[in-house]
1. Per DSSP helix of 4 or more residues, -39500 (n - 2.57); summed, then divided by the residues of the chain. What does that give at 222 nm, rounded to the nearest 500?
2. Within the range 237-265, which residues have the backbone N less than 11 Å from the label spot 7 Å out from Q296 along Cα→beta-carbon, could you tell me?
3. Using label points projected 7 Å from each Cα along Cα→Cβ, tell me how many nm separate A84 and E140, to one decimal.
4. For the range 305-322, just list the computed ³J(HN,Hα) in residue order, Karplus coefficients 6.51, -1.76 and 1.60, θ = phi - 60°, integers in Hz, with x standing in for Gly and Pro.
5. Can you flag which of K65/K311; K146/K200; K59/K193; K182/K244; K30/K321 are past 31 Å Cα-Cα?
6. Report the one residue of V229, V48, T277 whose Cα lies farthest in the direction of the positive end of the charge dipole of the chain (charges on C-beta: Lys and Arg +1, Asp and Glu -1; origin at the Cα centre).
7. Tabulate in residue order the Karplus-calculated ³J(HN,Hα) for the range 192-209, using 6.51 cos²θ - 1.76 cosθ + 1.60 with θ = phi - 60°, rounded to whole Hz; enter x for Gly and Pro.
8. Could you list, in their original order, any pairs among K36/K262; K142/K225; K36/K173 whose Cα atoms are separated by more than 32 Å?
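Each reported figure results from applying straightforward, stated rules to the coordinates on display, with no laboratory input. Model, not experiment: these values are computed from the prediction. Don't worry about glycine lacking a Cβ; one is built from the backbone with ideal geometry, like all the others, and counts go over all protein chains shown.
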Amino acid sequence: MKKFLTIALCATVALASCSKSDDETKPVIKGATQVKEDFNAGVKDAKVEVAGWSTALVKGTIDWKVGEFNTNRYPQITAYGAPAGEFESWLVSKAINVTDAKIKSFSFDAAMGYWADNSSLEVYVMTDSLPAKGNPIKLEAKLPTKESVQWGWYNSGNIDLSKYSGTIYIGFKYKATTTDPKVVTTFRLDNFKFNVEVAKGDVAENPFSVADVIATQDNSIKWVKGFVVGFAVSAQSGGGFSIKNSNFAAGDVTNIVLAPTKDETDPTKCIAVKLMTGAPRNELGLGTAANQVILQKEISLRGTVTASFGKPGMVDVADFKK
């Protein structure tokens with residue numbers, strides 16, 4: 001009996017020793033299992049300095065700086081005003097733990113201004129925060145192009161990382177070759193999300209309703225779906241707007257009114273949506289006769305959920321689906 005007890009104790013000790021050893025040899029993967037970065041903690045016009053993020057200047061001396069518009073802050077880069085030459089500057093995410101993440105994908109918003117063919121923005125996955133050591137692999141993402149609305153925010157779409165494991169970094173590479181320091185593109189980034197559940201309004205397939213927009217008003221960028229019922233005309237006093245639904249003038253292209261139903265006429269149940277210059281006004285503005293076919297039709301728009309005409313609404317619409 002004593003012999004069997006001794007053997008059992010030894011086996012227990014051996015098993016415990018083996019388990020401890022296995023735990024000790026299991027590799028520890030560094031990096032965040034979730035990232036949700038809006039960059040609003042940055043200091044306007046200063047270098048981008050966000051915990052865990054870094055920049056790398058490969059060619060030239062231009063760096064990623066903090067831009068700001070309507071209280072929203074974001075990383076921004078441009079070779080505008082710099083001496084003519086070649087530039088390559090990277091903005092690199094904090095370390096990301098893909099292995100332990102539930103949702104192995106990321107997304108972000110991007111915008112551009114002053115498009116020039118001598119500039120580019122590309123996205124890479126890397127194994128190190130330094131591009132020279134990180135074996136960068138280019139990723140496909142929806143990025144602003146020459147045809148995009150200037151300063152309009154476009155979402156990259158969900159970029160799949162399931163083929164990768166361990167610790168990775170996401171690198172944003174800006175390149176420009178200039179001869180005229182005034183002819184070069186500016187790029188902006190915002191709302192970086194990794195391993196974040198897609199919420200209502202984040203994608204066109206699951207948009208906010210008009211009522212959702214009225215209730216939210218948090219300066220987030222969302223998709224909304226509703227019926228076009230007219231053009232918003234500013235009220236003479238007290239804020240708000242009235243709805244013009246016929247006899248449109250040529251200048252009635254700066255906004256449209258979106259409603260929950262095609263026959264709604266109560267402005268308090270509708271939102272005034274301000275359209276950015278370019279495709280949104282050209283294709284949706286009711287002051288253009290050809291666009292009036294969208295009246296009482298349902299469309300989807302992507303913009304910033306915030307006050308418009310002093311009431312809950314949406315502004316800065318760049319992306320849309322008719």
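1. Working: 3 runs with 37 residues, N = 322.
Calculated from helices alone, the mean residue ellipticity at 222 nm is -3500 deg cm²/dmol.
2. It comes to 262-264, nothing else.
3. If labels sit at A84 and E140, their model points lie 3.8 nm apart.
4. 7, 7, 4, 9, 6, x, 10, x, x, 8, 10, 6, 6, 10, 9, 7, 9, 8
5. Values: K65/K311 33 Å; K146/K200 29 Å; K59/K193 28 Å; K182/K244 42 Å; K30/K321 41 Å.
Among K65/K311; K146/K200; K59/K193; K182/K244; K30/K321, the Cα-Cα distance tops 31 Å for K65/K311; K182/K244; K30/K321.
6. V48
7. 7, 9, 10, 6, 10, 4, 6, 8, 4, x, 6, 10, 5, 6, 9, x, 5, 8
8. Details: K36/K262 37 Å; K142/K225 21 Å; K36/K173 20 Å.
Result: K36/K262 exceed 32 Å.
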